[in-house]
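*Asks:* Below: one structure in structure tokens.
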Amino acid sequence: MTNVTNINLRSRSTPYIISILLAGFFVFPGASQAAPLQDWLYEDLHGFVEIRNGWRLDNDVDEKDVSIAEARLQLDLSKDIFDGSMKFKGDLVGDAVTEELRPELRELNYGFSPTDIMDLKLGRQILTWGTGDLLFINDLFPKDWESFFIGRDDEYLKAPSDAIKGSLFFDMFALDLVYVPVFNNSNFIDGSRISYWNPLLGRTAGRDFILEDHERNQVFRDSEFAGRLSKNIEGVELAFYGYYGFWKTPEGFEPTSGKVIYPRLSVFGASARGAIWNGIGNVEFGYYDSISDKKGTDPFIRNSEIRFLTGYERELAREFTGGLQYYSEYMQDYDAYESNLPPGMKKADKFRHVFTVRLTKLLMNQNLRLSLFGYFSPSDEDVYIRPKVHYKISDNLAAEAGGNIFWGTEDHTFFGQFEDNTNLYAGVRWSF
Amino acid sequence: MNRIFFTLLTALSLLSFTNNAPFAAESPAVEEIVNKANLASYYGGDDGRAEISMTITDSQGRKRNREFVILRKDIKDGGDQLFFVYFKKPSDVRKMVFMVHKHLDKDDDRWLYLPALDLVKRIAAADKRTSFVGSHFLYEDVSGRSIVDDNHELIQTTGDSYVLKSTPKDPDSVEFSSYTIWIDRNNYMPMKAEYLDKEGRKYRTVEALLIKDIQGFPTVVKSRVKDHVAKGETVSEFTNIKYNVGLAEKIFTERYLRRPPKAVRK
């Protein structure tokens, strides 16, 4: 494949068409009986039209100067059918960077309660759990890092899953189980739109060296399982998590084909969140068991690690909130990693530490929002800052501008590798 | 519930007690007025449902609208309560849910559900005197100000009202220095509250514009908050009000944030 993004989108366009047919099917008969079609659409058809443009500040030789240039229409339809509800949400995107017009199906699902204590949701859906703020440990649902880094709306950081989610609600606890028949990877940074550090080349690469991934696409063999057991005790939310599947971004390399791969992974972890010191505090950890490299001796597969985060958020003044998080990755089998590292490869640290800061200020009857989110890693010596200004011109019209600022002392660190992709963007959205 | 909303409207919050009510002899004790007003405003029935349409007008006359459904359930009359607020308009907040577990003995627990991200976010309850959804109503107007946060004094009894002056016990925690509230002598509904800022200027008025009897409960169906300093006002209208709906306690949990109950979706 030439482009991971395209592959993802292509594989998603077939269900998109089916979904439109389905949407038409269930939607229109019901509507015509109860009320005129126009009334129903007026009530239940929503969405937005948006235009968004962004530019790189540095002259990145590997990428286009335009970081984002797109017009987007989103339609959102929902309808109660039998005892459940059907939901459709899809985008049509005119993308001047990739020079294509593409549909993106974000949601097409049916949710219902077969029994009093059970909910089921089937189909394409957005799934989220865990306690981190733009940091994820036990949330192993797909992300779209490319959208995040080029300045699309935050909504697009969460990529959809084609899944079955079942939830059971007992008096003692709630249990969520998610089954994904065919692995849904995250949209990772492959070089097509954002340049990255390529450890094999030993340099930054972009469109001159787009990473190819070895897709996992076999039903059943490439399935994912995720579960959460949760309970709210006197306002403290406790949860235990388990996951069996694959690294969501390609954390492995296959020397024979030259492709990046998604090695097997299982994760278990726990989290707690509650009110403390006039704010909200949270802790979460996860043990990432890299099943295909148990001993950590395979230099082409990421080692097992322990991930931990803790955070605190509170109101600092009227309409002004601040949040702080600490996050770390602790590599297991570091000695094995060190002794098997091919010569010339940049060595990762045993610990990676990251602090994040979030500041949000609301002004003008909450119509103007100034926000800043920053990642700072003392171990990698790199920084990623996301400033944003969002103004609601009216109930339907909003404008926003922001940036994705990367900086690092070295070219191979997590955020430092994206330094040449630092960009500013602006957009206008009409919602209906 | 509506009164619940009254809540919305009123600053009911307003009420609390003092131990030395000067008019205790001829009128009901101030504690009794405050308690009854609190129950009348925020605790009608065992639970309730209402649809609210807010029109926010800023100092330059620009209008914005908010529409949402509120569910309320009382754990105990005059005690802890559960609130579920489901947004319908404008479209950028559609299907978002704001949920509050109100506690008298500790900070409230609050959640916000963002459907586009399937994200259940916990919100700090520290400052309750911030604007609710950009309107002139405050969070505390929605879920109620604890009656023990202020000292209350009965300053006048008119033909139809008890007039109370309430002063915060912790002045640094709020933006007002005191407020005066007019409570209907017949049904104990707060009809109007006027807030004075730290300089003693009247800067905020909360009023019940229309009260109707619903299932035997006097209920505010239209209310208004005016900001006299920054200018601007918010008018709230309550429709489809129903008490004693029979809402289950489980509705006020994460399960129903992710899958809103029929009671709000209709």
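*Asks:* Please say if segment B:133-238 is rounded, prolate or oblate, where rounded means a/c under 1.5 for a ≥ b ≥ c the square roots of the C-alpha gyration tensor eigenvalues, and otherwise the choice is prolate for a/b larger than b/c and oblate otherwise? List each step's numbers first, then the result.
*Replies:* Details: a/c = 1.68, a/b = 1.19, b/c = 1.42.
Oblate.
*Asks:* Further, regarding this structure: Give me the distance between the Cα centres of segment A:100-165 and segment A:184-230, rounded to whole Å.
*Replies:* Between the Cα centres of segment A:100-165 and segment A:184-230 lies a distance of 18 Å.
*Asks:* Once amide H atoms are built 1.01 Å from N in the peptide plane, which residues 5 or more positions from B:Leu209, or in another chain, come under 5 Å H to H?
*Replies:* B:Lys222, B:Ser223, B:Arg224
*Asks:* Continuing with this model, one more query. Could you tell me which GluC sites (Glu not before Pro) in segment A:60-134 are loop residues by DSSP with no more than 11 other beta carbons within 10 angstrom of their beta carbon? Walk me through the numbers before you get to the answer.
*Replies:* On the way: sites: A:Glu63, A:Glu70, A:Glu99, A:Glu100, A:Glu104, A:Glu107; in loops: A:Glu63, A:Glu99.
Answer by residue number: A:Glu99.
*Asks:* Here is a further query. Which residues make up the longest stretch of chain B clear of GluC sites (Glu not before Pro) that lie in a DSSP loop with no more than 10 other Cβ atoms within 10 Å, not counting the sites? Working shown, then result.
*Replies:* Values: sites that count: B:Glu26, B:Glu199.
With a cap of 10 other Cβ atoms within 10 Å, the longest stretch comes to B:27-198.
*Asks:* Oh, and also: Summarise the long-distance tail of P(r) for chain B by giving the % of C-alpha pairs beyond 28 Å.
*Replies:* Details: 10550 of 35245 pairs.
It works out to 30 percent of all Cα pairs.
*Asks:* Here is a follow-up. Using modelled backbone amide H atoms (1.01 Å from N, in-plane), which distant-in-sequence or interchain residues come within less than 5 Å of A:Asp213's amide H?
*Replies:* Hits under the 5 Å cutoff: A:Val260.
*Asks:* Counting only other chains, what is the mean number of Cβ atoms within 10 angstrom of the Cβ of each residue in peptide B:87-93? Kindly include the intermediate steps, with their values, before the conclusion.
*Replies:* Numbers: counts 0, 1, 2, 7, 9, 9, 2.
Taking the mean over all residues of the peptide, I get 4.
*Asks:* Taking each pair of different alpha-carbon atoms in segment A:193-343 once, compute 1/r for the pair, average those values, and report the inverse of that mean as the Kirkwood hydrodynamic radius in Å to one decimal. Walk me through the intermediate numbers first.
*Replies:* Working: mean 1/r = 0.0547 Å⁻¹.
One over the average 1/r among Cα pairs gives 18.3 Å for segment A:193-343.
*Asks:* Just to confirm the filter: which GluC sites (Glu not before Pro) across segment A:168-239 are DSSP coil and have at most 13 other Cβ within 10 angstrom of their Cβ?
*Replies:* Working: sites: A:Glu212, A:Glu215, A:Glu224, A:Glu234, A:Glu237; in loops: A:Glu212, A:Glu215, A:Glu234.
Those satisfying the criteria are A:Glu234.
*Asks:* Taking a probe of 1.4 Å and counting only protein heavy atoms, give the total accessible area buried between chains B and A in Å², rounded to the nearest 100. Walk me through the numbers before you get to the answer.
*Replies:* Details: alone 12030 and 20800 Å², together 28960 Å².
Summed over both sides, the interface buries about 3900 Å².
*Asks:* How high is the FRET efficiency between A:Phe432 and B:Ser27 when r is their beta carbon distance and R₀ equals 60 Å, given to the nearest 0.05? Kindly include the intermediate steps, with their values, before the conclusion.
*Replies:* Working: r = 54 Å, r/R0 = 0.91.
Efficiency, from the Cβ-Cβ distance: 0.65.
*Asks:* I'd like the FRET efficiency for A:Asp80 and B:Leu112, computed as 1/(1 + (r/R0)^6) with the beta carbon distance as r and R0 of 22 Å, rounded to 0.05.
*Replies:* On the way: r = 24 Å, r/R0 = 1.10.
Efficiency, rounded to the nearest 0.05: 0.35.
*Asks:* Can you give the local net charge around B:Arg259? Use residues other than it whose beta-carbon is closer than 9 angstrom to its beta-carbon, Lys and Arg +1, Asp and Glu -1.
*Replies:* Numbers: positive: A:Lys121, B:Arg255, B:Arg258; negative: A:Asp119.
Once all neighbours under 9 Å are counted, the net charge is +2.
*Asks:* Per the 1.4 Å probe, what fraction of the accessible area of the protein assembly as shown, in percent, lies on carbon and sulfur atoms?
*Replies:* Working: 16810 of 28960 Å².
Here it works out to 58 percent.
*Asks:* Hey, what do the phi angles of segment A:282-299 turn into as Karplus ³J(HN,Hα) couplings, whole Hz, using 6.51/-1.76/1.60 and θ = phi - 60°, x for Gly and Pro?
*Replies:* 8, 9, 8, 9, x, 9, 8, 9, 7, 4, 7, 9, 3, 8, x, 8, 7, x
*Asks:* Under the Karplus relation 6.51 cos²θ - 1.76 cosθ + 1.60, θ = phi - 60°, what is the ordered set of whole-Hz ³J(HN,Hα) values for segment A:367-376, x standing for Gly and Pro?
*Replies:* 7, 10, 10, 9, 9, 9, 10, x, 10, 9
*Asks:* Next up: Hey, what's segment B:2-265 come to in accessible area per residue, 1.4 Å probe, Å²?
*Replies:* Details: 9860 Å² over 264 residues.
Solvent-accessible surface per residue comes out at 37 Å².
*Asks:* Taking Cα centroids, how far is segment A:45-87 from segment A:241-255 in Å?
*Replies:* That distance is 27 Å.
*Asks:* Apply the Karplus parameterisation 6.51 cos²θ - 1.76 cosθ + 1.60, with θ equal to phi minus 60°, to every residue of segment B:215-230 and state each ³J(HN,Hα) to the nearest whole Hz, in sequence, with x for glycine and proline.
*Replies:* 6, x, 9, x, 9, 6, 10, 8, 9, 8, 10, 10, 9, 7, 9, 6
*Asks:* Of A:Gly269, A:Gly252, B:Ser59, which is farthest towards the positive pole of the protein assembly as shown's charge dipole, taken about the Cα centre with +1 and -1 on the beta-carbons of Lys, Arg and Asp, Glu respectively?
*Replies:* Result: B:Ser59, furthest along the dipole toward the positive end.
*Asks:* Please give the charge dipole size of segment B:155-266, origin at the Cα centre, charges +1 on K and R Cβ atoms and -1 on D and E Cβ atoms. Round to the nearest 20 debye. Each step should come with its number before you reach the end.
*Replies:* Values: 21 positive and 15 negative charges, 140 e Å.
Around 680 debye, computed over segment B:155-266.
*Asks:* So, one more: With Cβ to Cβ distances under 14 Å as the rule, what net charge do the other residues near A:Asp139 carry (K, R +1; D, E -1)?
*Replies:* Numbers: positive: A:Lys143, A:Lys158, A:Lys165, A:Arg228, A:Lys248, A:Arg273, A:Arg307, B:Lys121; negative: A:Asp133, A:Asp144, A:Asp176, A:Glu224, A:Glu284, B:Asp118.
Combined, the nearby Lys, Arg, Asp and Glu give +2.
*Asks:* Among the listed pairs B:Lys76/B:Lys128; B:Lys36/B:Lys73; A:Lys248/B:Lys262, give every one whose C-alpha distance is greater than 30 Å.
*Replies:* Over 30 Å apart, Cα to Cα: A:Lys248/B:Lys262.
*Asks:* Additional query: Please check segment B:175-210 for residues whose accessible area, probe 1.4 Å, is lower by 10 Å² or more when all protein chains are in place than in their chain alone.
*Replies:* B:Glu175
*Asks:* With a sphere of radius 11 Å drawn around the Cβ of A:Leu309, what net charge do the other residues whose Cβ falls strictly inside it have (Lys, Arg +1; Asp, Glu -1)?
*Replies:* Details: positive: A:Arg307; negative: A:Asp133, A:Glu284, A:Glu329.
Value of the local net charge: -2.
*Asks:* I would also like to ask the following. Report the trypsin sites (Lys or Arg not before Pro) located in segment B:143-197 that are in a DSSP loop and have at most 13 other Cβ atoms inside 10 Å of their Cβ, or state none.
*Replies:* Working: sites: B:Arg145, B:Lys165, B:Lys169, B:Arg185, B:Lys192; in loops: B:Arg145, B:Lys169, B:Arg185.
Qualifying residues, ordered by number: B:Lys169.
*Asks:* Could you compute the longest span of chain A free of trypsin sites (Lys or Arg not before Pro) located in DSSP loops and having at most 10 other Cβ atoms within 10 Å, not counting the site residues?
*Replies:* Working: sites that count: A:Arg221, A:Lys347.
Maximal segment without exposed cleavage sites: A:1-220.
*Asks:* Can you give the charge dipole size of the protein assembly as shown about its Cα centre, rounded to the nearest 20 debye, using +1 on the beta carbon of Lys and Arg and -1 on the beta carbon of Asp and Glu?
*Replies:* Values: 88 positive and 102 negative charges, 334 e Å.
Taking the Cα centre of the protein assembly as shown as origin, the dipole is about 1600 debye.
*Asks:* Along Cα→Cβ, 7 Å out, is where each label goes; now give me the distance between the ones at A:Phe225 and B:Ser177 in nm to one decimal.
*Replies:* Each label point is offset 7 Å from its Cα along the Cβ direction, giving 6.7 nm.
*Asks:* Distance between the C-alpha centers of segment B:29-75 and segment B:210-230? Whole Å please.
*Replies:* Between the Cα centre of segment B:29-75 and that of segment B:210-230, the gap is 8 Å.
*Asks:* Under Stokes-Einstein, with the Kirkwood radius over Cα pairs standing in for Rh, what whole-number D in µm²/s applies to the protein assembly as shown at 4 °C and 1.567 mPa s?
*Replies:* 47
The values are calculated or read from the model by the stated rules, or taken from the named source; none is laboratory data. Here the structure is a predicted model, which is why all the values come from computation and not from measurement. Using ideal geometry, Cβ is built from the backbone for each residue, glycine included, and neighbour counts are taken over all protein chains shown. Quick note on the areas: whole protein, heavy atoms, side chains included, nothing else; ligands and nucleic acids left out. Shrake-Rupley method; radii C 1.70, N 1.55, O 1.52, S 1.80 Å.
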